[in-house]
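Written out below as structure tokens is the structure these notes cover.
The values are calculated or read from the model by the stated rules, or taken from the named source; none is laboratory data. Just so you know, these numbers come straight off a predicted model, no measurement behind them. Counting neighbours? That spans all protein chains shown, and the Cβs are built from the backbone with ideal geometry, glycine included. Calculation scope for accessible area: heavy atoms of the full protein, side chains included, ligands and nucleic acids excluded. Shrake-Rupley method; radii C 1.70, N 1.55, O 1.52, S 1.80 Å.
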Amino acid sequence: MLRQEKDYNWRIREVAFKGLHRLWDRIKDPKIKTQIQAAFIAKSVQTDARVLELLHSDQVKGTSIYESSNEEANREAANFIEQEVNALRDELLELDQGADNEETRQRKKYLESIFNKIQDNVRNDPNANVKDAEYLMEGNKELGSGNYGQAVQQFRKYAEQKKLKFGEDSIEYANALDFLVRGLEKNGFYDEAVVLATKSIKIKEALLDPEDLELATSYQNFGLVLKSKGKYDDSLTYHNKCLEIRKVKLITNHPEIATAYHNIGNTYDGDEKYRQALENHKIALSMRMEKLDPDHRDVAASYNSMANAYYCLGDRDEANVNYHKAL
């Protein structure tokens, strides 16, 4: 296995499992089925990515990755591809932040090849009906590279396509707005981000269960924007809403729960409430240490945030200890 299980990318495995559930009964080639089973059982980032690669192989692609027979099938295909893109993007971003060695470079090269394969399928298949996925891919690529202006442009196009296809009161449009809100917040366009984040939440609250994880994502995005605007109490309200949903829906100490605590800590830090900030950062760090490797970037982020809180509380010794751990 290329990575310890505690540092395992659950997003890629989750989307690989969804792909198997969606396609398994329709795959006729027994050799492909055997390869997929072997890759999935192996349980590593590399082998789960192999599942996605096989699901986009020529033997499978014509079967059912891209449906054109009805609108619902098209919608399912588009959503599946978006999940693939996001899972691969997250892993590639982690690799960019990790150690630079031959193993990492080979894994990154392999994942990029699968990402490009999906992109080519979207571009070239006349029955795909998910061309707007290109905007999402390009937007995520620019966001990960720090080109926030370019990311916003791509996310705008993506949101517009979703609105045209599904309507401005659809979950698909709300999810697209979440990506645009992230880009706008990173780019400093806070007022527009507030308007669009509010719209996304309104749509989701009307259509989804109150404890739906997609709603938690919108709450998180809004909390981040409000913090950037200096509205710390309002930001905490939405970060806590996000936290409560994730605590109900996700396993104990899930990395996304840790992220919610980290965001709450950062908000307290911005409001100069350093003891509350430190308390939440300690919780986030404890969860991350259980699930992630010690040199993971999220662990480093927790140490850095704790160091800042200690420094502002006047504890220079503890600040230095945590700063060094963050390096």
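Pairing residues of region 243-262 that are on the phi > 0 side of the Ramachandran plot with residues that are of a type in the set (Lys, Arg), at Cβ distances under 8 Å and at least 6 apart in sequence or on separate chains, gives Asn253/Lys291. Scanning region 242-254 for residues that are assigned to a helix (DSSP H, G or I) and open to solvent by 30 Å² or more (accessible area, probe 1.4 Å) turns up Glu244, Lys247, Val248, Lys249.
Pick from Val85, Val130: which is modelled with pLDDT under 75, under 30 Å from Ala206 (Cβ atoms), open to solvent by less than 50 Å² (accessible area, probe 1.4 Å) and assigned to a loop (DSSP other than H, G, I, E, B)?
Going through Val85, Val130 in turn, the sole match is Val130.
If we scan region 286-304, do we find a residue that is in contact with an Asp or Glu (Cβ under 8 Å, 6 or more places away or on another chain), at pLDDT 95 or above, surrounded by 15 or more Cβ atoms within 10 Å (Cβ to Cβ) and not in a loop (DSSP other than H, G, I, E, B)? No.
The numbered conditions (1) charged (D, E, K, R); (2) touching a residue at least 40 places away in the same chain (Cβ under 8 Å); (3) open to solvent by 20 Å² or more (accessible area, probe 1.4 Å) are all true for Lys165 except (2). None of Glu172, Glu214, Glu185 is in a helix (DSSP H, G or I), in contact with a helix residue (DSSP H, G or I) (Cβ under 7 Å, 6 or more places away or on another chain) and touching a residue at least 60 places away in the same chain (Cβ under 8 Å) except Glu172. Residues in region 188-211 that are part of a helix (DSSP H, G or I) and open to solvent by 40 Å² or more (accessible area, probe 1.4 Å): Tyr190, Asp191, Glu192, Val195, Thr198, Lys199, Lys202, Glu205, Ala206, Leu207. In the list Ala260, Ala277, which residue meets the criterion of being touching a Cys at 6+ places or on another chain (Cβ under 6 Å), small (Gly, Ala, Ser), surrounded by 16 or more Cβ atoms within 10 Å (Cβ to Cβ) and in a helix (DSSP H, G or I)? On inspection, the qualifying residue turns out to be Ala260.
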